[in-house]
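The values are calculated or read from the model by the stated rules, or taken from the named source; none is laboratory data. This is a predicted model, so every value here is computed, not measured. Cβ sites come from the backbone with ideal geometry, for glycine too, and all protein chains shown count toward neighbours. These area figures cover heavy atoms from the full protein model, side chains too; ligands, DNA and RNA do not enter into them. Shrake-Rupley method; radii C 1.70, N 1.55, O 1.52, S 1.80 Å.
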Amino acid sequence: MARSDLLLDLVEAERRGDRDRFRLLVEALIAEERANQHHLLADRLSELITTTGHSKPRDDHAASVRDLVQEIVPQRRLTELELEPTTRRVLGELVEEQKRSDLLRSFGIEPRNRLLLAGPPGNGKTSVAEAIAAELMLPFYVIRYEGVVSSFLGETAARLDNAFEFVRTRRCVLFFDELDTIAKERADEHETGEIKRVVSTLLLQVDRLPPHVILIGATNHGELLDRAAWRRFQVRAELRSPSRAQATKYLEVLAGRLGGDLGYTPRTIADKLAGSSFAELEEFALDVRRRAILELPDADLRRIVQERLEYRRTQATE
Ligand SMILES: Nc1ncnc2c1ncn2[C@@H]1O[C@H](COP(=O)(O)OP(=O)(O)O)[C@@H](O)[C@H]1O
Ligand SMILES: [Mg+2]
């Protein structure tokens with residue numbers, strides 16, 4: 001049975017003739033029925049509000065949606081990630097707002113649902129997005145640009161619409177990686193009318209997104225993002241490369257997790273690998289452990305580390 005406050009709001013919206021609100025509430029209702037495994041009812045309601053009477057065959061639609069969004073089963077948890085205290089708090093608050101949205105709604109307030117993650121590659125943007133879906137136990141949908149971007153004029157915007165249409169009636173996390181590929185500055189004079197249309201579609205859809213869909217955007221280049229797109233995210237978090245202290249701590253965690261020390265103290269290795277991302281530190285530690293295991297029983301860890309550092313230096317200067 002649907003929530004009573006939702007039903008009351010629904011009737012109220014209809015009475016006032018507020019079509020947009022009415023639709024938003026029906027979508028919330030569908031998402032709720034879906035979450036309760038009432039798929040037939042959810043699909044039927046979804047058809048009623050998304051079609052104008054003469055709908056496309058269902059299978060057709062399903063196939064095209066698979067090209068546009070990919071569902072990934074989230075594995076990672078927020079607790080497994082190294083995050084600055086402020087970032088951890090901000091992300092935790094977002095998760096709590098979503099978890100306790102019923103309480104907020106009983107006071108007439110919606111939870112926040114739009115998060116932008118910025119920062120250089122390999123410092124946890126994708127991991128954080130995935131972890132948020134895991135914390136909320138929601139499906140994690142990733143936009144597939146190769147499916148969305150079409151060479152036909154006008155088609156990209158239409159496909160983007162389809163992807164949003166699909167997620168709107170589901171409680172889920174929708175992830176736009178490398179958001180700057182789509183949401184580039186519209187003012188960029190080299191861009192054609194097509195990209196402008198795509199950005200407008202994106203912004204329109206983001207504005208209309210129901211609060212039960214958590215939109216997460218990631219970008220390596222926050223400065224390339226269209227200002228209007230930037231503003232739409234209620235929460236923004238910068239995931240920076242680790243400082244010396246953070247790198248040291250992360251290497252300690254890694255050594256523990258990988259079941260063995262790394263030949264030198266984490267601090268020494270952190271110094272040698274200054275400027276590396278979390279992903280690079282992890283890759284380095286894994287590499288050392290992998291070699292050490294293969295050279296058992298008398299692996300010379302220090303030599304293994306030095307070889308790898310030397311190899312990095314030659315790679316960097318090439
Ligand atoms: N903040 C972090 N804490 C712990 N591990 C991290 C962190 N950032 C990155 N990693 C490791 O590096 C890998 C790649 O990170 P990813 O989330 O894909 O970065 P991005 O999306 O920013 O390029 C992750 O799978 C994880 O193992
Ligand atoms: Mg990524």
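Taken over the C-alpha atoms, the chain has Rg and Dmax values of 23.4, 79 angstrom. Within the chain, antiparallel bridges make up roughly 25 percent of the DSSP beta bridges whose residues both belong there.
Rounded to the nearest 20, the Cβ-based charge dipole of the chain about its Cα centre (Lys and Arg +1, Asp and Glu -1) stands at 560 debye.
Each label was represented as a point 7 Å from its Cα along the Cα-to-Cβ direction; for Asp207 and Arg21 these points are 1.8 nm apart. Projecting the Cα atoms of His39, Gln306, Leu25 onto the dipole axis of the chain, where Lys and Arg carry +1 and Asp and Glu carry -1 at the beta carbon, places Leu25 farthest toward the positive end.
Computed on the range 1-50, the Cα convex hull volume stands at 62 Å³ per residue. The count of lysine pairs in the chain that are at least 8 places apart or cross chains, and whose C-alpha atoms lie under 29 Å apart, stands at 8. Within the accessible area of the range 161-318, the carbon and sulfur atoms contribute 50%, probe 1.4 Å, all protein chains present. Accessible area per residue (1.4 Å probe, heavy atoms of protein chains only) ranks Glu146, Glu310 as Glu146, Glu310, with the largest value leading. Considering all different alpha carbon pairs of the range 62-238, the Kirkwood hydrodynamic radius works out to 16.6 Å.
Convex hull volume of the C-alpha atoms in the range 199-316, normalised per residue: 157 Å³. Using the 1.4 Å probe convention, the accessible area of the range 150-261 works out to 46 Å² per residue with neighbouring protein chains retained.
Site-free segments of the chain were taken between chymotrypsin sites (Phe, Trp or Tyr not before Pro) in DSSP loops having at most 10 other Cβ atoms within 10 Å, sites themselves excluded; the longest one is 153-318.
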